[in-house]
Amino acid sequence: MKKTDELRQKLSYSRKNFWNEASAKEQKVALNFSDGYKDFLDECKTERESIDYYVNELAKQGYKEIEKAKKAKKVFRISRNKNAGIAIIGKKPISEGVNLIVSHIDAPRVDLKQNPLHQDDSTTLGMMKTHYYGGIKKYQWMSTPLALHGTFIKKDGQTVKITIGEDEKDPVFVMPDLLPHLARKVQYTKKIGEAIDAGKMNLVFNSIPYPKDKETKDSVKLNALILLNEKYDIIEEDFLSAEIEIVPAGKARDAGIDRSLVLGYGQDDRICAYTSACALFDAKEKLEKTAIVYLADKEEIGSDGNTGAKSIFIIDFIADLLKHNGEAFDSSTLRKTLINSQVLSADVNAGINPNFPSVHEKENAVHIGFGVSVTKFTGSGGKGGSNDANAEFNSKIIDIYNKENVCWQTGALGKVDEGGGGTIAKFMAEHGSEVIDCGPGVLGMHSLYELTSKADIYSSYKAYKAFFENA
């Protein structure tokens, strides 16, 4: 029997539960690591807020804007207040390739339309019209406290940032759902994805009419404009160029009686943005290869636009790193640099859900609390839209994690033909780099309150740090 056990241990693969494997000291480190992460989630509910956070953090960490620091080894660039490249220049020439971790800082949400404010004819309530962003379940956004975060650009070019609904003294907002007593025909006869029409996701904004103009048909709307003008010095036309996002109100919280989990909005994919940046900040001083963290926008809507992963931003940043380091930065050198580079597409995976286990294949699913997931391929319908990492790079990453005692597992996004999804990996792979997906599992992905394990958050940090220092 002993020999059988030895053979099983030697020859078999089995994922390991972090809490069983880690020492008491490391368990405490993992639990404490998430305190800063929860603060980050609270402060960074939009991509612009995430960039503001890192502008402040980079200054504390001694990073310099690449254009303003000729000999600096720790440099960064911000693009349009929505994405960032952060780098530590290593000992080897950049042209030999970089170690790049890319994650996204946008999250599924609901946006205000450009001309949102109106007074409802049937109720006289002041309402805000919306348009959802990314893959959401629309019914989850009804009858729950919501906050407004965003930016106005006024006619004179002045930027006005607003956050309403996060402070305990703030009002919150809501999209009222239909009561069950009257939902039999309007909702219950429909499929769940059709029960809430996007046109009915309107935000109740106010209800009191402007007292000096009781006869005007839009006096409630007028009162809302007066209140906004008094507090923020904006007018209705300023909405036309504004970016105002609707997000769940409230803070990220510990979850579970043992406080081993984190419940919060936007963990897909700010969990990877936070852990990869922490890994870069904590990496040993003299890295062999140049290490880069790329924080991208618009992943949830296909990575398009001039701040998405399909844009030229990261390529231009690497070209300027070559120039900054005194190397050739012509087109041929840049292409070879990219081909020589290694990339972790740091994005979350679907943890096996105890309430809905049938959509997962247990042996090939991500298990919450069992460490960071190394995901060879994503996509759907026969790996469509997937990077599908090469065996050599997959093996290299696993070897690094084993040597550095990183708790890791492998996992796919659900059963074959159950559904699927993609990440930024395929866009990075188009440049010829070696790319693989690597990130923690999440329960309730794309919901208002996603659930993650503190073990997996910490393991992701350790994995990214090991990648920078050893790949």
Worksheet item: From the set of residues in region 78-93 that are of a type outside the set (S, T, N, Q) and part of a strand (DSSP E or B), which is surrounded by the most Cβ atoms within 10 Å (Cβ to Cβ)?
Response: Ala87
Practice prompt. Identify all residues within region 340-369 that are of a type in the set (S, T, N, Q) and not in a loop (DSSP other than H, G, I, E, B); write none if there are none.
Written response: Gln342, Ser345, Asn349, Ser358, Asn364
Fill in: Hits in region 287-335 (condition: in a helix (DSSP H, G or I) and of a type outside the set (A, V, I, L, M))
Glu299, Glu300, Phe313, Asp316, Phe317, Asp320, Lys323, His324, Ser331, Ser332, Thr333, Arg335
Discussion item. Checking the conditions here, which among Thr163, Thr144 is closer than 27 Å to Met445 by Cβ, in contact with a strand residue (DSSP E or B) (Cβ under 6 Å, 6 or more places away or on another chain) and of a type in the set (Val, Ile, Thr)?
Written reply: Thr163
Discussion item. Condition first: in a loop (DSSP other than H, G, I, E, B) and at pLDDT 95 or above. Now tell me which residues in region 370-413 satisfy that.
Written reply: Phe370, Gly371, Glu404, Asn405, Val406, Cys407
Worksheet item: Got at least one residue in region 37-60 being out of contact with any Lys or Arg (no Cβ under 8 Å at 6 or more places or on another chain), assigned to a helix (DSSP H, G or I) and closer than 19 Å to Ser459 by Cα?
Response: yes
Worksheet item: Of all residues in region 28-60, which are crowded, with 17+ Cβ neighbours inside 10 Å and free of Cβ contacts under 8 Å to residues at least 24 places away in the same chain?
Response: Tyr53
Worksheet item: What pairs come up if the first residue lies in region 337-357 and is closer than 15 Å to Val442 by Cβ and touching a residue at least 60 places away in the same chain (Cβ under 8 Å), the second is among the hydroxyl-bearing types (Ser, Thr, Tyr) and crowded, with 19+ Cβ neighbours inside 10 Å, and their beta carbons are under 6 Å apart, counting only those six or more places apart or on different chains?
Response: Ala346/Ser103; Ala346/Ser276; Asp347/Thr423; Asn349/Ser373; Asn349/Thr375
Worksheet item: For the subset of region 133-165 comprising residues that are part of a loop (DSSP other than H, G, I, E, B) and within 19 Å of the chain's Cα centre (by Cα), which member is nearest to Ile51 (Cα to Cα)?
Response: Gly134
Response to the item:
Result of the Cβ filter at 7 Å on region 284-299, keeping first residues that are over 16 Å from Val348 (Cα atoms) and assigned by TED's automatic domain parsing to the domain that holds Ala463 and partners that are surrounded by fewer than 24 Cβ atoms within 10 Å (Cβ to Cβ) and acidic (Asp, Glu), at least 6 apart or interchain, is Lys284/Glu469; Leu287/Glu469
Practice prompt. Filter region 180-218 down to residues that are in contact (Cβ under 8 Å) with a residue 12 or more places away in the chain and polar (S, T, N, Q) and give me whichever is surrounded by the fewest Cβ atoms within 10 Å (Cβ to Cβ).
Written response: Ser207
Practice prompt. With the condition kept exactly as written, say whether any residue in region 180-196 is of a type outside the set (Val, Ile, Thr), over 25 Å from the mean Cα position of the chain (by Cα) and closer than 28 Å to Glu47 by Cβ.
Written response: no
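Rundown of residues vs (1) over 29 Å from the mean Cα position of the chain (by Cα); (2) assigned by TED's automatic domain parsing to the domain that holds Ile312; (3) more than 30 Å from Asn402 (Cα to Cα), yes/no style:
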{"residue": "Gln9", "(1), (2), (3)": "yes, yes, no"}
{"residue": "Arg15", "(1), (2), (3)": "no, yes, no"}
{"residue": "Ser34", "(1), (2), (3)": "no, yes, no"}
{"residue": "Lys38", "(1), (2), (3)": "no, yes, no"}
{"residue": "Cys44", "(1), (2), (3)": "no, yes, yes"}
{"residue": "Glu47", "(1), (2), (3)": "no, yes, yes"}
{"residue": "Ala84", "(1), (2), (3)": "no, yes, yes"}
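The values are calculated or read from the model by the stated rules, or taken from the named source; none is laboratory data. Quantities reported herein were computed from a predicted structural model and do not represent experimental measurements. Cβ atoms come from the backbone with ideal geometry, glycine included; neighbour counts cover every protein chain shown.
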